[in-house]
1. Can you work out which of the residues in region 1-17 that are closer than 19 Å to Met109 by Cβ and within 15 Å of the chain's Cα centre (by Cα) is modelled with the highest pLDDT?
2. Does Glu87 qualify as being in a strand (DSSP E or B), touching a strand residue (DSSP E or B) at 6+ places or on another chain (Cβ under 7 Å), modelled with pLDDT under 90 and surrounded by 16 or more Cβ atoms within 10 Å (Cβ to Cβ)?
3. Among the residues of region 113-124, count how many are surrounded by 15 or more Cβ atoms within 10 Å (Cβ to Cβ), modelled with pLDDT of 75 or more and out of contact with any Asp or Glu (no Cβ under 9 Å at 6 or more places or on another chain).
4. Could you give me the residue pairs with C-beta distances under 6 Å whose first residue belongs to region 47-73 and is in a strand (DSSP E or B), whose second residue is of a type in the set (Asp, Glu) wherever it lies, and which are 6+ apart or on separate chains?
5. Considering only region 40-50, I want to know if a residue exists there that is buried (at least 17 other Cβ atoms within 10 Å of the Cβ), under 19 Å from Gln98 (Cβ atoms), touching a Phe, Trp or Tyr at 6+ places or on another chain (Cβ under 8 Å) and polar (S, T, N, Q).
6. Residues to consider are Gly39, Gly77, Gly64; find the one that is at positive phi and either in contact with a helix residue (DSSP H, G or I) (Cβ under 9 Å, 6 or more places away or on another chain) or modelled with pLDDT of 80 or more (or both).
7. Does region 18-29 contain any residue that is closer than 24 Å to Gly97 by Cβ, within 12 Å of the chain's Cα centre (by Cα) and either modelled with pLDDT of 85 or more or acidic (Asp, Glu) (or both)?
Amino acid sequence: RKEQTAVSILPAGFWDWAGPSEQILFDTARITPTLGHNGDHPHFSVEVSNKQGDFVAFRAAPYGHANLYLERQVLGGWLRTHWNYNEFMFRMEELRGQVNGRAISKETMGQAFGSLEYTWGLGL
């Protein structure tokens with residue numbers, strides 16, 4: 001359950017169509033690890049939406065993982081910091097949504113891939 005706890009600080013996202021177009025902003029964003037799937041890595045439930053009714057949701061199904069553990073001294077050696085960096089390369093599954101009245105799905109967009117940096121954000 002602790003893995004599914006999320007503390008969102010100013011969550012946001014955007015959709016940018018290819019070519020000249022207006023960027024669609026999402027003021028609500030949530031990425032939640034979901035455990036219990038086959039494979040070595042957790043899957044992630046990803047959802048973004050805005051007040052205009054635009055939304056995109058999918059399950060990020062990782063096929064690769066990069067992990068770094070960084071430790072360093074700060075404040076002249078008075079304090080040690082620890083940083084655990086995780087990044088998952090994933091395939092988008094169960095894609096659904098609507099942006100500017102256009103349906104978003106695997107059928108309309110094709111197979112999508114991305115990377116999810118567990119501590120920072122998402123890029124498609």
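The values are calculated or read from the model by the stated rules, or taken from the named source; none is laboratory data. Because the structure is a prediction, the values reported are computed rather than measured. Backbone-built Cβ (ideal geometry, glycine too); neighbour counts: all protein chains shown.
1. The first filter runs over region 1-17 and keeps only residues closer than 19 Å to Met109 by Cβ, leaving 13-17.
Within this subset, residues satisfying the condition of being within 15 Å of the chain's Cα centre (by Cα) are 13-15.
Working: Gly13: 80, Phe14: 79, Trp15: 84.
Out of the qualifying residues, it is Trp15.
2. Against the criterion (in a strand (DSSP E or B), touching a strand residue (DSSP E or B) at 6+ places or on another chain (Cβ under 7 Å), modelled with pLDDT under 90 and surrounded by 16 or more Cβ atoms within 10 Å (Cβ to Cβ)), Glu87 qualifies.
3. Selection size over region 113-124: 1.
4. These pairs meet every condition: Ala57/Glu47; Phe58/Glu94; Arg59/Glu93; Arg59/Glu94; Ala61/Glu93; Ala66/Glu87.
5. yes
6. Details: Gly39 fails: either in contact with a helix residue (DSSP H, G or I) (Cβ under 9 Å, 6 or more places away or on another chain) or modelled with pLDDT of 80 or more (or both); Gly64 fails: at positive phi.
Gly77 is the lone residue from the list that is at positive phi and either in contact with a helix residue (DSSP H, G or I) (Cβ under 9 Å, 6 or more places away or on another chain) or modelled with pLDDT of 80 or more (or both).
7. Of all residues in region 18-29, those closer than 24 Å to Gly97 by Cβ come to 18-29.
Filter once more, keeping what is within 12 Å of the chain's Cα centre (by Cα): 29.
From what is left, the residues that are either modelled with pLDDT of 85 or more or acidic (Asp, Glu) (or both) are 29.
The answer is yes; a qualifying residue exists.
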